[in-house]
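Below is one structure, written out as structure tokens; the observations come after it.
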Amino acid sequence: MAADYNLVIIGNTAAGIEAAIAAARLQARVALVEQRVSGCDRLDAMAQATLVEAGRLTAELQRAKQLGIGNVGEVNPATAEPWQHLQRWLDAVQATTELTNSAAELAALGVDVIPGCGEFCRKPTPGFVVNGRFLSANAYLIAVHHRPIVPDIPGLAEVGYLTATTISQHVSTLQSMQQLVIIGGSATAIELTQSLAQLGCQVTLIVESDQILAELDPQAATWLQASLEAAGVKVLTRTRVTQIRQIQGKKWLQAGNHGIETDEILIAIGQQPELDNLNLDAVGVKRSPTDLVVNAKQRTSHPKIYACTGQMRQSDCPHRAIHEARIALKNALFLPIFTADELSIPLLVNADPELAAIGLTEPAAIQRYGKAVLILQESFNSIPKAQIQANLTGFCKLIVHRNGRILGAHIVGSQASEMIGPIALAMQQNLPIQALAKLNLPTWTRSEIIGKTAAQWHDLRLKQQPRWQDFLQAWFQWRR
């Protein structure tokens, strides 16, 4: 019996929608099951990004005032009006985003959009059932939404808490909260911690690991922690919350040796895909405690089922999920010969300063390649654009093998997210560090730091070749 579809995509996430559009453009018959689950929405990430942008703008206003530029009005987050404006801003962004790639627009492109939630079934043949309708397909792609990971802390459920996915619904009430505790060291936790501090909240960040962003470069994490503390955030590392209680209308946390009083608790230790309602056992799809088990081709343990959950270092990463979806789509519709390149996918932390990272960290590279690793680093205070903007914070670090292969990169500084692109392209195309050193970048831009950092490659190589140094010295002495 012929299948109803070439591909059934489960989840109207950004990755799911992009995969559906791409499949339809290839003339494949494709269905997109919305698979909306309570507490999981593709607009949550957009709301978080808007909140971060609001905090950044507030900090920029204060910085302009410090530089004596213009007539900058006082921003008083303690009043209700700024928070009400912010809530309207969030609502407008979400409404506009909801219109983009709506069901009507997707249908016009040839995508069969199916509302509701469904699950896999084994009989009469393996397939997917939604609203009592059986969907048979040549392949299935799991692109579901994510939900917050909530730790098992005594008293947490009774006292109540916010998460990164629910905070956008309570922005207008934050002005009444003088103190806020955020639990978690993920990228989302750092972004929300800093933006809420910039908006006037007194924030305490509690992290169990030795540093924030535990899996990232220690130097980069130290810079971001310093920026948080400069914004007034109290950062407690190596600290575990063991108990939470409600006392006289206040929430109390026992965190290590600290007793902390707070108005609200925000949980941001990470997210995981919402898989519980898919009935994966019926089709024999294996899963780990927090994710699906897939191979490099994004195929699950079932040969017809692929996945693009975008899990990366304790957080869901939408652009990683999109990359996985592209690989899975080609393998599902054609031949399963394409593989995902995990190390060429950037990770962004939208803090102030921003952090953009790709590939191996310095400790991981040294552990793998030992003395063959070279570290190239340049500070932004050497870049004219940084001087013009009076924003000198940050650095660019390139981690390179002695044969010229780029192993990783970390950029900490303003607009770092816009500068990681050339490095990602070089790594994806297997270009050597010399390609970045030769890159002609516009004068008086922050991206000049890429070429300036990469140029150190020649200096380091020259220092390691004394005979070449002697030749050059003799050559130029003869030329004189």
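The values are calculated or read from the model by the stated rules, or taken from the named source; none is laboratory data. In this text, all values refer to a predicted model and were calculated from it rather than measured experimentally. Neighbour counts are summed over all protein chains in view; Cβ atoms, including those assigned to glycine, are modelled from backbone coordinates with ideal geometry. Heads up: the accessible areas ignore ligands, DNA and RNA and are worked out on the full protein's heavy atoms, side chains in. Shrake-Rupley method; radii C 1.70, N 1.55, O 1.52, S 1.80 Å.
Can you find a residue in region 448-462 that is in contact (Cβ under 8 Å) with a residue 60 or more places away in the chain, more than 12 Å from Leu376 (Cβ to Cβ) and either among the charged types (D, E, K, R) or in a helix (DSSP H, G or I) (or both)? Checking region 448-462: at least one residue is in contact (Cβ under 8 Å) with a residue 60 or more places away in the chain, more than 12 Å from Leu376 (Cβ to Cβ) and either among the charged types (D, E, K, R) or in a helix (DSSP H, G or I) (or both).
Output the residues belonging to region 215-233 that are open to solvent by less than 50 Å² (accessible area, probe 1.4 Å) and among the hydroxyl-bearing types (Ser, Thr, Tyr).
Residue satisfying the conditions is Ser227 alone.
From the list Ile153, Ile244, the lone residue that is more than 13 Å from Ala268 (Cα to Cα), crowded, with 23+ Cβ neighbours inside 10 Å, over 22 Å from the mean Cα position of the chain (by Cα) and in contact (Cβ under 8 Å) with a residue 40 or more places away in the chain is Ile244.
Step by step: first the residues of region 281-306, then only those that are in contact (Cβ under 8 Å) with a residue 12 or more places away in the chain, assigned to a loop (DSSP other than H, G, I, E, B) and of a type in the set (Gly, Ala, Ser), then the one that is farthest from Leu26 (Cα to Cα). Which residue is that? My answer is Gly284. Could you please let me know if Glu158 is in contact with a strand residue (DSSP E or B) (Cβ under 9 Å, 6 or more places away or on another chain), surrounded by fewer than 23 Cβ atoms within 10 Å (Cβ to Cβ), touching a residue at least 40 places away in the same chain (Cβ under 8 Å) and in a helix (DSSP H, G or I)? It is true that Glu158 is in contact with a strand residue (DSSP E or B) (Cβ under 9 Å, 6 or more places away or on another chain), surrounded by fewer than 23 Cβ atoms within 10 Å (Cβ to Cβ), touching a residue at least 40 places away in the same chain (Cβ under 8 Å) and in a helix (DSSP H, G or I).
Against the test of being part of a strand (DSSP E or B) and surrounded by 21 or more Cβ atoms within 10 Å (Cβ to Cβ), the options Ala328, Ala357 yield a single qualifying residue, Ala357. For the residues Ala340, Ala351, the requirement of being of a type outside the set (S, T, N, Q), surrounded by fewer than 22 Cβ atoms within 10 Å (Cβ to Cβ) and part of a loop (DSSP other than H, G, I, E, B) singles out Ala340. Scanning region 124-148 for residues that are without any contact (Cβ under 8 Å) to a residue 40 or more places away in the chain and under 30 Å from Gly184 (Cβ atoms) returns no hits. I'd like the full set of residues that are open to solvent by less than 10 Å² (accessible area, probe 1.4 Å), among the polar types (S, T, N, Q) and closer than 22 Å to Trp89 by Cβ, limited to region 169-193. Passing the criteria: only Thr193. In the condition set (1) in contact (Cβ under 8 Å) with a residue 12 or more places away in the chain; (2) in a loop (DSSP other than H, G, I, E, B), Leu335 is compliant with all but (1). Candidates are the residues of region 408-433 that are in contact with a helix residue (DSSP H, G or I) (Cβ under 7 Å, 6 or more places away or on another chain) and free of Cβ contacts under 8 Å to residues at least 60 places away in the same chain; the one that is nearest to Lys65 (Cα to Cα) is Ile411.
Taken over region 106-128, the residue count meeting the criterion of being within 32 Å of the chain's Cα centre (by Cα) and outside any loop (DSSP other than H, G, I, E, B) is 11.
Evaluated against (1) open to solvent by 30 Å² or more (accessible area, probe 1.4 Å); (2) closer than 18 Å to Trp223 by Cβ; (3) touching a residue at least 24 places away in the same chain (Cβ under 8 Å); (4) of a type in the set (A, V, I, L, M, F, W, C), Cys396 falls short on exactly one condition, (1).
Within region 339-368, residues that are touching a residue at least 24 places away in the same chain (Cβ under 8 Å) sit with their Cβ atoms under 7 Å from residues that are basic (Lys, Arg) and open to solvent by less than 50 Å² (accessible area, probe 1.4 Å), at 6+ positions apart or across chains, in these pairs: Ile345/Arg320.
Hey, among Thr309, Thr242, which residue is in a strand (DSSP E or B) and not hydrophobic (A, V, I, L, M, F, W, C)?
Going through Thr309, Thr242 in turn, just one is in a strand (DSSP E or B) and not hydrophobic (A, V, I, L, M, F, W, C): Thr242.
Selection of region 217-237 for residues being touching a residue at least 12 places away in the same chain (Cβ under 8 Å), part of a helix (DSSP H, G or I) and of a type in the set (S, T, N, Q) yields Gln219, Gln225, Ser227. Restricting attention to region 312-322 and to residues that are part of a helix (DSSP H, G or I) and either in contact with a strand residue (DSSP E or B) (Cβ under 6 Å, 6 or more places away or on another chain) or open to solvent by 50 Å² or more (accessible area, probe 1.4 Å) (or both), the residue that is farthest from Ile420 (Cα to Cα) turns out to be Pro318. Do we find that Gln178 is of a type in the set (S, T, N, Q), in contact (Cβ under 8 Å) with a residue 24 or more places away in the chain and out of contact with any Lys or Arg (no Cβ under 7 Å at 6 or more places or on another chain) in this structure? Yes, satisfied.
Of all residues in region 184-216, those satisfying the criterion of being in a loop (DSSP other than H, G, I, E, B) and within 15 Å of the chain's Cα centre (by Cα) are Gly184, Gly185, Ser186, Ile212, Leu213, Ala214, Glu215, Leu216.
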